[in-house]
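One structure below.
The values are calculated or read from the model by the stated rules, or taken from the named source; none is laboratory data. Owing to the predicted nature of the structure, the values given are computational and were not obtained by experimental measurement. Please note: Cβ atoms are built from the backbone with ideal geometry, for glycine as well, and neighbour counts cover all protein chains shown. In case anyone asks, the SASA skips ligands and DNA or RNA and just uses the protein heavy atoms, side chains included. Shrake-Rupley method; radii C 1.70, N 1.55, O 1.52, S 1.80 Å.
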Amino acid sequence: MKTLHFLKTCTALAATSVLLVACGGGNDDDPSPSNEPGVLTVSNATVDGLNGVYGNGALNLTDVDKKNPIGSVPELCTFRFDGANKVGSSATAFGDIRYRPDATSLHQVFLTFDGKEYGSGEPADTAVVRESDQVRFNGKTLTASDGSGATLRVSGIVPMRPNRPSGC
């Protein structure tokens, strides 16, 4: 009887573990709710309908990870966010932010507005402000990743989680 109960318990635990992995439970790769507000203002967009304010509440964030890839890419601190809903619209924004440890500006950024990805590998018009747990954009020009040549300018703040690796 005890053996049967033990086997049922082990089977239930194994099934739960498989479901958690399959459904993404316990996965820190997806942004999760934070209490940190963030807002991005898009202007001068060459694609109609993208100009406006994104972020009408707290953003969802991943933890900041330190990655040291093999090859010529430098060691980077990275995190992602989502949940930046456009005010007065159903459009949303999300992003992937990358900066070098101890740097004061971004290394690379990819932001998606209403389904179209824009990016930049230039540090100009960005700031990593660790003491405020924020990344700031000051009229940062981003170019569409699809080769269309579309551009936009972004100003605003994306928060970072405070429990970051050393240098991040």
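Yes/no matrix, rows are residues, columns are (1) modelled with pLDDT of 95 or more; (2) closer than 20 Å to residue 46 by Cα; (3) hydroxyl-bearing (Ser, Thr, Tyr):
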{"residue": "98", "(1), (2), (3)": "yes, no, no"}
{"residue": "101", "(1), (2), (3)": "yes, no, no"}
{"residue": "112", "(1), (2), (3)": "yes, yes, yes"}
{"residue": "116", "(1), (2), (3)": "yes, yes, no"}
{"residue": "132", "(1), (2), (3)": "yes, no, yes"}
{"residue": "136", "(1), (2), (3)": "yes, no, no"}
{"residue": "148", "(1), (2), (3)": "yes, yes, yes"}
{"residue": "157", "(1), (2), (3)": "yes, no, no"}
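Residues that are assigned to a loop (DSSP other than H, G, I, E, B), under 15 Å from residue 125 (Cα atoms) and of a type in the set (A, V, I, L, M, F, W, C) were ranked within segment 87-113; the one that is least open to solvent (accessible area, probe 1.4 Å) is 106. The sole residue among 44, 27 that is closer than 18 Å to residue 152 by Cβ and either at pLDDT below 95 or open to solvent by 60 Å² or more (accessible area, probe 1.4 Å) (or both) is 44. Residue check: residue 153 meets all listed conditions (1) open to solvent by 50 Å² or more (accessible area, probe 1.4 Å); (2) more than 16 Å from residue 46 (Cα to Cα); (3) assigned to a strand (DSSP E or B) but one, namely (2). Against the numbered list (1) among the hydroxyl-bearing types (Ser, Thr, Tyr); (2) closer than 20 Å to residue 146 by Cβ; (3) at pLDDT below 95, residue 72 comes up short only at (2).
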